[in-house]
Ligand code: BGP
């Protein structure tokens, strides 16, 4: 009686499962513009200049004063999505998007973050945006906080350093869930929560200097975000029992530079903090033991209130959303290596990998590795909500844009995603970052373009905001029509 049993009925002949959520992703501050329209308050993003100086703002400690008028503030106009949204959604629908990830600007809903009543005009804008998506059968996927907060909260409370932000954020979530809960099923709390170690100004609302892994303010602020995120999960489940609410992390495998055990341990220790500290708390519901040791050895005490840990344990996320742009390579520091590496996170140059024009290493295999690692750790559904190539696009005299480099980047990453599904990863969907050209988060410029859709808006502020399709537009449309089989 030696009957052969199939272990599962998985279909290895298909690249992607049925119901895979295909789409694109953006963030409010990078596309909307209209930075003071309809009572919107100023946000952190509104005071970030474009150009080289922006990185200094993001990476150095400085007071939160609005810069002199000699600088440009690209987010103030973005790509004027605030008035072009119907045209943009129609183009997404033409490509066959099944979902669209966008973020809500906190300061459109609560201009200072502290009002008792929300701003109706802000809510009305997102009502129309969501209804426009639903008109085409596009599932809205909402990021509640994507690299911006009301500037007032940053100035008055030093952003997430202060516990006050938890209840203000809870009130903001409450308003969103009440107003949009009948139409929005997919939510995520904080964009790239682990970016706190790289660009705290954007994600936490204050800037730092020195080593962020040893900075108590970062850990305290993250603790407040963890609690706020759990409260959001709790509230979401009360108000929308059918909803799916996730965390959102930057995913990047950390390769050891060599097989020297010193390199291996070094890469492993950095990877644990970068990749898994925040998601361990949000997915497993508790601080991992390695962080307790890290905090102890660095003399860092976090102020934790009674009830916080129980809350974290009880209200964990349903899925893990992630961005993937590059892998990182780490080498035990001897003092001689060039640690600059093109990737903003950390590490040394990987000699096996090509880079983008901005020095970001291109590594589709790293996506497969990352998805496997994260899935094996948590066994929760994963959702790639950002991936793409920032590049300079050239418009031909006839108006066409042949972005074969983008097609090739996306092709290789989608193949890697599909391989990970065959490996057993439960992948819910894929939303390409910057499906329409937008203001880059790190450069504040338009010239670092990601989109399938070109927007005539240039770094010097000129341009008509006219939209046009790049070659990748039709390519992605075919990918979606065939559920990835055309790859
Ligand atoms: C992620 C952010 C996005 C986005 C993307 C690309 O970190 O969540 O907001 O901008 O990176 O980065 P950049 O715009 O700097 O090329």
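Bear in mind that the values in this text are calculations on the coordinates, not laboratory data. Source: prediction; values computed, not measured. FYI the Cβ positions are ideal-geometry reconstructions off the backbone, even for glycines, and counts take in every protein chain you see.
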* Mind jotting down the distance between the C-alpha centroids of segment 263-330 and segment 469-487, whole Å? => 37 Å
* Asked: For segment 162-298, what's the relative contact order in percent, using C-alpha pairs closer than 8 Å and at least 6 residues apart?
  -> 28 percent
* Structure fact -> Relative contact order in percent for the chain (Cα pairs under 8 Å, 6+ apart) equals 18 percent
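Before rounding to the nearest 500, sum -39500 (n - 2.57) across all DSSP H runs of length at least 4 in the chain and divide by the residue total; then give [θ] at 222 nm in deg cm²/dmol. List each step's numbers first, then the result.
Values: 15 runs with 173 residues, N = 487.
The helix contribution divided over the chain gives -11000 deg cm²/dmol.
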* Rounded D (µm²/s) - the chain, Kirkwood Rh over Cα pairs, Stokes-Einstein at 37 °C, 0.692 mPa s -> 143 µm²/s
* Extension gain, residue 39 back to residue 14 (0.36 nm per residue minus Cα-Cα distance, nm) -> 4.1 nm
* Relative contact order %, segment 141-199, counting alpha carbon pairs below 8 Å whose residues are six or more apart -> 63 percent
* Asked: Ordered by packing density, taken as the mean number of other Cβ atoms within 10 Å over each peptide's residues, highest first, how do 120-131, 213-224 rank?
  -> 213-224, 120-131
* Asked: Quick one: of the DSSP bridges fully inside the chain, what percent are antiparallel, nearest 5?
  -> 15 percent
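At a Förster radius of 30 Å, what calculated FRET efficiency corresponds to the Cβ-Cβ distance of residue 412 and residue 464, to the nearest 0.05?
Details: r = 34 Å, r/R0 = 1.12.
About 0.35, to the nearest 0.05.
What's the ranking of 84-96, 51-63 by average number of surrounding C-beta atoms within 10 Å, highest first?
On the way: 84-96: 18.5, 51-63: 13.2.
The peptides rank, most packed first, as 84-96, 51-63.
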* If one computes the Cα centroid of segment 3-61 and of segment 104-176, what distance in Å separates the two points? -> 16 Å
* Least to most buried among 281, 142 (fewest other Cβ within 10 Å first) -> 142, 281
* Structure fact -> Proxy exposure order for 283, 439, 369 (fewest C-beta within 10 Å first) is 369, 283, 439
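How would you classify segment 243-335 from its alpha-carbon gyration tensor, with a ≥ b ≥ c the square roots of the eigenvalues: rounded for a/c under 1.5, else prolate if a/b is greater than b/c, otherwise oblate? Walk me through the numbers before you get to the answer.
Numbers: a/c = 3.26, a/b = 1.45, b/c = 2.25.
In terms of gyration-tensor shape, oblate.
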* To do: Pull out the extension gain between residue 3 and residue 379, defined as 0.36 nm times the separation in residues minus the alpha carbon to alpha carbon distance; nm, one decimal.
  => 132.4 nm
* Rank by packing, highest mean first: peptides 23-34, 234-245, with packing defined as the count of other Cβ atoms within 10 Å averaged across residues. => 23-34, 234-245
